[in-house]
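Note sheet for the following structure.
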Amino acid sequence: MKQDFLQIDVAKEYPEFSLTANLTVAEGEFFSLVGPSGCGKTTLLRLISGLAVPDRGRIILDGQDLTGVAVSERRIGFVFQDYALFPHLTVKGNIEYGLKVRRWSTAQRERRLRELLALFELETLANRRIQELSGGERQRVALARALAPEPFLLLLDEPFAALDYGLRRRLRRELKALQTQLGFTAIFVTHQQEEALSLSHRLAVMEGGRILQVGSAPEVYSKPAHPFVAKFLGDANLIPCTVEVTGAGLLVTPEAGAAFTLPVDGGEVAEPGSYLLMIRPEDVVLAEKEVVYTGELMTVEYLGHGFYAEIKTGADLILKILVEKTTALKAGQTRGVSFRKQALKLIPIN
Ligand code: ATP
């Protein structure tokens, strides 16, 4: 497997937006670009595909510098949110289209078509027109069409955004299984954190035209390098604190809360200073000993599998907490909380 299969080092300036991206994607990797609307995800895909031209830098795909290489010559497949299928063609016609453009022989085309119709379970729909298909079926055709010419790289721009939640989850599982089976390299754009976490080998979190962090889903979720990443991927409590280094570990003094010691493990920060202490709601625990904060339960929501609540701890700090359903919570109660220390993360304040 080539680790530097796709190397991106580009910048693009629009009148009111600028993007810089430096990124490497490995062969066979399912890589997601995730971030809020307008952060530059689509712009980056357009630069990779050749639909937009970088102002600086270059993109290298499997050893080939793509500068000046036409879109049609890049061996890159696309799947868009709105499918972009040809309405006047049948399912078969759509899947075959790219093969005709690339002048595959009739025999080669027929073989590839049979393979893809079987793979995507589209055999019975082969002669249907696009208007005669459901949303999920259209998305399958779009995927089959993109993969037909055996692209080096598949770009997927919010491919499930127009579909309802259940179908979206099903297609997501299918896409993941297909990618594992066929091993193609994919870059998947989404603003849905759940989708990015569940699908990707690695992902990049973007904000305002910059890549803030790249890593596997568990890495980025549990060790966000930036406050924005902590908030964007899941729910997070971010508490200003100071850190001192002592013989026993890191002495963490949260804003207006009881200090506690955090044992230092391998890569953990050991520089004294100001940090944001990140703790996920599921890692805040109700406690009677070693209480860090005490406060009044404000919002309490029953979620079926447990409760979500907010605790007002004074000093304007409202802590989000997720507890199992075995502990009944009621608004108005006063409760003490501590933290699962192994789940804490200190994020430097830049
Ligand atoms: P969304 O999730 O809403 O699709 P995105 O992260 O994909 O957002 P982009 O479509 O890459 O965001 O847009 C990033 C910014 O670049 C936006 O502010 C957009 O207005 C601007 N932009 C994109 N294309 C152009 C263009 N051709 N000319 C000028 N500005 C552009």
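The values are calculated or read from the model by the stated rules, or taken from the named source; none is laboratory data. Just so it is clear, the structure is predicted and the values come from calculations on it, not from any experiment. Note: ideal-geometry Cβ built from the backbone for every residue, glycine included; neighbour counts use all protein chains shown. The area values use the complete protein model at the heavy-atom level, side chains included, leaving out ligands, DNA and RNA. Shrake-Rupley method; radii C 1.70, N 1.55, O 1.52, S 1.80 Å.
General remarks:
- Some residue of the stretch 57-68 being open to solvent by 60 Å² or more (accessible area, probe 1.4 Å), farther than 28 Å from Gly215 by Cβ and more than 15 Å from the ligand (Cβ to nearest atom): yes
- All positions within the stretch 97-129 that are open to solvent by less than 20 Å² (accessible area, probe 1.4 Å) and either hydroxyl-bearing (Ser, Thr, Tyr) or in contact (Cβ under 8 Å) with a residue 40 or more places away in the chain (or both): Gly98, Leu99
- Selection within the stretch 281-301 - part of a loop (DSSP other than H, G, I, E, B) and aliphatic (A, V, I, L, M): Ala287, Val291, Val292
- The residue list Gly166, Gly183 contains one member that is at positive phi and not acidic (Asp, Glu), which is Gly183.
- Subset tally (residues that are within 13 Å of Leu154 (Cα to Cα) and open to solvent by 10 Å² or more (accessible area, probe 1.4 Å)) for the stretch 177-210: 4
- A single entry from Pro15, Pro54 fulfils the requirement of being over 19 Å from Phe184 (Cβ atoms), within 15 Å of the ligand (Cβ to nearest atom) and either exposed (fewer than 13 other Cβ atoms within 10 Å of the Cβ) or within 17 Å of the chain's Cα centre (by Cα) (or both): Pro15.
- A single member of Thr43, Thr24 is in the same structural domain as Phe78 (by TED's automatic domain parsing), of a type in the set (Ser, Thr, Tyr) and away from the ligand (no atom under 13 Å from the Cβ), and it is Thr24.
- Among the criteria (1) open to solvent by 20 Å² or more (accessible area, probe 1.4 Å); (2) out of contact with any helix residue (DSSP H, G or I) (no Cβ under 9 Å at 6 or more places or on another chain), the one Ala26 does not fulfil is (1).
- Pairs meeting the criteria (first residue in the stretch 171-191 and over 23 Å from Leu44 (Cα atoms), second residue open to solvent by 10 Å² or more (accessible area, probe 1.4 Å) and at pLDDT below 85, beta carbons under 8 Å, at least 6 apart or on different chains) are Leu171/Leu163.
- Residues in the stretch 310-346 that are within 16 Å of Leu238 (Cα to Cα), in a strand (DSSP E or B) and not β-branched (Val, Ile, Thr): Glu310, Lys312, Leu319, Lys320, Leu322, Ser338, Phe339, Lys345, Leu346.
- Out of Arg173, Arg140, sole residue that is more than 16 Å from the ligand (Cβ to nearest atom) and open to solvent by 60 Å² or more (accessible area, probe 1.4 Å): Arg173
- Residue that is nearest to Pro281 (Cα to Cα) [pool: residues in the stretch 326-340 that are open to solvent by less than 50 Å² (accessible area, probe 1.4 Å) and at pLDDT 85 or above]: Phe339
- Matching entry among Ile95, Ile48 (being β-branched (Val, Ile, Thr) and away from the ligand (no atom under 14 Å from the Cβ)): Ile95
- Checked against (1) open to solvent by less than 20 Å² (accessible area, probe 1.4 Å); (2) touching a residue at least 24 places away in the same chain (Cβ under 8 Å); (3) assigned to a helix (DSSP H, G or I), Pro159 passes all but a single condition, namely (3).
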